[in-house]
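The values are calculated or read from the model by the stated rules, or taken from the named source; none is laboratory data. Please read these numbers as outputs of a predicted model, since none were measured by experiment. Here the Cβ positions follow ideal geometry from the backbone for every residue, glycine too, while neighbour counts run over all protein chains shown. Only protein heavy atoms, including side chains, enter the accessible area calculation; ligands, DNA and RNA are left aside. Shrake-Rupley method; radii C 1.70, N 1.55, O 1.52, S 1.80 Å.
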Amino acid sequence: DTFAVKMNGISEADLLKIHQMALEERQNTVSGLLNQQKLPEALAESLRKPPTGISDDNIKNKSADLVGDVLLEVKDADIKKCIDGLTPDQVDTLMKYIYRGLATCNNSNTYLKW
């Protein structure tokens, strides 16, 4: 993984900074969308730019928490509407976060609904 990153001319430290900035941007945008009750948009935004190619668990955990926060806000009746608005790649990313959420055993009922 690190070798592939270096081959592209980007160090893991630089990639980490990029992912940290992207996470902060997503957190701010998602917070605003949740405040406006724009749940499908908040879900799509939380899935944007997932942290790949880095080994930093802190950013990965915060990204997973952000997606989890959105999932907690969505009412059961609105789940299908939220999923229908996602691209196939976003659905794949969502599934990875759902599996990760189930592995933590925190809010398992929420993840099982999805």
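For region 47-84, a residue qualifies if it is farther than 13 Å from Gln27 by Cα, crowded, with 17+ Cβ neighbours inside 10 Å and β-branched (Val, Ile, Thr), and the qualifying residues are Ile54, Val74.
Number of residues in region 85-114 that are surrounded by 11 or more Cβ atoms within 10 Å (Cβ to Cβ), polar (S, T, N, Q) and at pLDDT 90 or above: the value is 2. Of everything listed in (1) in a helix (DSSP H, G or I); (2) at pLDDT 90 or above, the single unmet condition for Gln37 is (1).
Kindly indicate the residue of region 12-34 that is among the charged types (D, E, K, R) and within 14 Å of Leu47 (Cβ to Cβ) and also least open to solvent (accessible area, probe 1.4 Å) among those meeting that condition.
Ranking the qualifying residues of region 12-34, first place goes to Arg26.
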